[in-house]
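Trainee: Sharing a structure below in structure tokens format, with a few things to ask.
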Amino acid sequence: MNRAGLRTRVTVGFAAGALLLSTTMALVSYQITRSSLLEDRERNAVRAAYLEAAVIRTRLGTDRPDVGETLRSLDTGQTRRTVLRRNGIWYARNADAGITEAIPQALQDVVAGGRPAKQRVRAEGQPAVVVGVPLSRSTAFYHIDYLKELDHTLRVLGLVLTLVAIITAAAGAGLGWYATRYTLRPIRSVADAAREITNGDLTARLDAAAEPDLAQLTSSFNDMVDQLSRRIERDRRFAADVSHELRSPLQTLAAAASVLTRHRDDLDERTRTAAGLVADEVARFQQLVNDLLELARSDQPADRRAVDVSRLVRQVCRSRHLPESLLEPGGEREQPWVVDRRRIEQVLGNLLDNASAHGGGPSAVRLGRVDGRYYIEVDDEGPGVRADQQQVIFDRFVRGGTAGARGDGGGTGLGLAIVAQHAAAHGGHVEVRDRPGGGARFRVELPEVAG
Amino acid sequence: MTGVLVIEDDDRIRLSLVLALQDEGYTVRGTATAEEGILEQRRHPAETVLVDLMLPGVDGYECIRELRRTDGVPIVVVSARDDTHDIVAALEAGADDYLVKPVAIKELSARLRALRRRSRATLAPVPALTFGELEVVPEAGEVRLRGQPVPVTRTEFRLLCELAHHAGRVLSRQQLLERVWDYAVGDERLVDVHVGRLRQKIEVDSAAPRYLVTVRGLGYRLQR
């Protein structure tokens with residue numbers, strides 16, 4: 001999402017920059033060209049007007065001059081017109097009738113005042129330049145030069161420059177898009193590597209040679225991953241060492257406690273009680289160490305395989321001396337689930353143990369699947385779980401609220417935390433609700449996966 | 001003979017195991033190193049060997065391989081290591097079972113009884129079965145490939161017989177654990193590793209098995 005945003009922003013930025021630059025260039029070129037061409041034309045018009053004025057002055061200097069004939073004698077071509085105002089009367093060639101309206105009054109006043117002048121006007125719908133030259137006190141000569149061709153040239157120039165600006169902007173956008181593709185490629189490879197690492201592949205690294213410009217990012221990233229994997233390896237080794245160091249003496253204790261238990265009848269009352277305590281605590285300590293190590297392995301993914309869960313439920317019930325009939329009819333027909341057998345076995349075992357320890361014993365186990373999720377429900381006969389406890393009982397070392405529950409010495413306080421962890425390892429979750437009719441109902445939901 | 005040999009370098013663990021297993025009715029001897037254990041087993045063969053993995057000098061894996069070289073005796077690893085890697089390596093070296101410390105004596109005793117039942121049980125009277133060049137002769141306790149006997153451990157032999165008995169049908173890992181190992185609940189990796197070991201002995205290419213095929217998601221089948 002962000003990546004696309006950055007890319008769009010860069011592309012738009014490039015396009016806008018290119019458009020601004022090309023528009024400015026186009027406007028400046030247009031202005032310079034236009035004024036240069038116009039000045040040229042004006043200068044030519046003024047020169048032509050003076051030449052013609054000189055000719056007319058000479059002709060009008062003769063006796064009884066024919067003003068119309070004089071004007072007609074000038075070679076004006078297609079784009080120029082000439083008119084003469086003499087004693088308040090306009091003289092023009094026949095073809096030029098009506099042109100006088102295009103000559104502004106202000107210009108006429110200036111020329112009548114004895115000074116030559118020029119002005120740009122629109123005449124007969126066309127741009128034109130008017131040059132007025134006073135010939136005498138009563139006579140003024142006007143030269144009108146039509147700029148139609150120049151106007152056309154400028155229009156074409158404007159169009160071409162606009163097109164160039166648009167094409168440049170498009171090219172800028174394309175360049176931006178292309179550049180971001182290359183700029184973002186190393187970022188994508190960082191993202192890919194990060195994803196691989198998240199998925200547990202700690203060997204993923206960035207290739208320093210692939211992007212020399214990003215050497216710093218590459219080396220910091222790789223250093224970070226190195227450190228991370230070293231730390232994970234250290235933690236793993238620590239857990240393994242701790243487990244080994246705890247398990248070896250526990251093995252001695254377990255074997256020795258078994259000898260004491262077997263010979264308890266040979267002991268006197270006090271010693272027998274003490275031996276019983278030792279054996280019970282060794283068993284609990286053993287369970288605690290196993291539970292802690294199970295929790296320490298939280299990062300391991302679920303090893304999913306096809307499992308006959310209803311059979312597993314019956315086995316777990318048997319191993320805990322619970323009736324197999326706890327499994328409600330219907331669960332029998334379950335197709336194999338694709339789950340981590342070891343984890344689900346512990347989930348079932350821990351939920352049943354929890355029901356026995358705090359819930360007055362399990363009353364039903366249900367299996368099923370709904371909306372692409374497997375579910376396991378374990379009901380018990382106890383007082384239920386208070387609403388404010390329904391979240392925290394899945395935390396570590398939280399024990400059930402039943403009076404005297406602590407006193408039975410059975411639990412480690414980790415059973416439900418392990419259930420929650422195993423559910424999470426499958427991408428699922430566990431929750432507890434009140435069972436209709438009293439008691440608690442633990443429900444584990446796991447997303448279904450095809451075999 | 002109900003002898004158990006315990007190869008364990010930790011004196012306290014060895015002593016406590018010896019005492020506890022004696023209480024369970026076994027004749028138990030213990031040695032602190034693999035070298036002593038191997039010698040002891042040659043001189044006075046025990047019915048079952050318990051071995052730790054982390055031993056001074058020759059380690060547990062090497063000890064298992066050395067014992068396997070001459071003997072099909074059931075070997076049970078009792079180790080504090082619970083990495084899948086360690087478990088698979090030990091089973092691949094030739095161990096029949098793997099238990100993680102601390103193991104309750106009741107549990108250990110149940111496993112030993114199951115092993116004993118297996119090695120003494122008379123197999124169902126099945127006539128010799130032939131699969132291409134592979135021959136399983138339950139009565140003689142022999143496996144032959146192209147007429148040559150193949151050395152297999154007792155567990156491997158039972159596994160092969162079970163699959164041969166149901167040739168052409170799929171047996172799940174749990175079914176095999178129950179029927180071959182006699183365990184109601186057990187580690188499915190036991191089955192996988194034993195199948196892998198058998199393949200190395202009977203298949204031309206164990207990566208593309210001709211006889212012992214995996215049926216994905218279900219289990220294993222011996223191909224007729």
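Quick note: the coordinates plus some simple rules give every number you see, no bench work behind them. Source: prediction; values computed, not measured. Positions of Cβ are generated from backbone atoms using ideal geometry, with glycine treated the same way; all protein chains shown enter the neighbour counts.
Trainee: Using only the Cα atoms of chain B, what semi-axes does the equivalent ellipsoid have when each is the square root of 5 times a gyration tensor eigenvalue? Give whole Å, largest first. Write down the numbers at each step before the final one.
Mentor: Details: eigenvalues 186, 60, 57 Å².
For chain B, the semi-axes come out at 30, 17, 17 Å.
Trainee: What distance in nm lies between label points placed 7 Å from Cα along the C-beta direction at B:THR70 and A:GLU149?
Mentor: 11.9 nm
Trainee: Also, I was wondering about something else. Among rounded, prolate and oblate, which fits region A:276-316 when a ≥ b ≥ c are the square roots of the eigenvalues of its C-alpha gyration tensor, a/c under 1.5 means rounded, and a/b larger than b/c means prolate? Working shown, then result.
Mentor: Numbers: a/c = 6.61, a/b = 1.52, b/c = 4.34.
Taking the square roots of the gyration eigenvalues as a ≥ b ≥ c, region A:276-316 is oblate.
Trainee: Taking 2.2 N^0.38 Å as the expected size of a compact globular protein, what ratio does the Cα radius of gyration of the protein assembly as shown give against it, to two decimals?
Mentor: So the protein assembly as shown has a normalised radius of gyration of 1.91.
Trainee: Okay, next question. For region A:235-355, just say rounded, prolate or oblate: build the C-alpha gyration tensor, square-root its eigenvalues into a ≥ b ≥ c, call rounded for a/c under 1.5, and beyond that prolate if a/b exceeds b/c, oblate if not.
Mentor: oblate
Trainee: Under a plain spin-label model, where a point goes 7 Å from the Cα along Cα-to-Cβ, how far apart in nm are A:ASP226 and A:ARG369?
Mentor: Calculated label separation equals 4.7 nm.
Trainee: Any chance you could check the Cα centroid distance between region B:146-224 and region A:305-322 for me, in angstrom?
Mentor: When both Cα centres are located, 24 Å separates them.
Trainee: Another question, then. Would you please give the residues with an amide H less than 5 Å from that of B:PHE131, counting only those at least 5 places away or on a separate chain, with H modeled from the backbone geometry?
Mentor: For B:PHE131, the qualifying residues are B:VAL136.
Trainee: Which parts of region A:137-159 would a label at A:SER35 reach, counting a residue when its backbone N lies under 19 Å from a point 7 Å out along Cα-to-Cβ?
Mentor: A:151, A:154-155, A:157-158
Trainee: What is the distance, in nm, between label points placed 7 Å from the Cα along the Cα-to-Cβ direction at A:THR58 and at A:LEU21?
Mentor: Going by the 7 Å Cα→Cβ label model, 5.8 nm.
Trainee: Remind me, relative contact order of region A:157-309 in percent, using alpha carbon pairs under 8 angstrom and six or more residues apart?
Mentor: Once normalised by length, the contact order is 13 percent.
Trainee: Would you work out which of A:LEU37, A:ILE187, B:PRO151 lies farthest towards the positive end of the dipole of the protein assembly as shown, given +1 charges on the beta-carbon of Lys and Arg and -1 on that of Asp and Glu, about the Cα centre?
Mentor: The residue sitting most towards the positive pole is A:LEU37.
Trainee: Which of the three applies to region A:142-229, rounded, prolate or oblate, going by the alpha-carbon gyration tensor with a ≥ b ≥ c and a/c under 1.5 meaning rounded?
Mentor: In terms of gyration-tensor shape, prolate.
Trainee: Write down the Kirkwood hydrodynamic radius of region A:1-153, to one decimal in angstroms, obtained as one divided by the mean of 1/r over all alpha carbon pairs.
Mentor: 18.1 Å
Trainee: Separate question: Compute the distance from the alpha-carbon center of region B:64-110 to that of region A:351-383, in whole Å.
Mentor: After rounding, the separation between the Cα centres reads 35 Å.
Trainee: Could you tell me which trypsin sites (Lys or Arg not before Pro) in region B:173-221 are loop residues by DSSP with no more than 13 other beta carbons within 10 angstrom of their beta carbon?
Mentor: Of the trypsin sites (Lys or Arg not before Pro), the ones in loops of region B:173-221 whose Cβ has at most 13 other Cβ atoms within 10 Å are B:ARG216.
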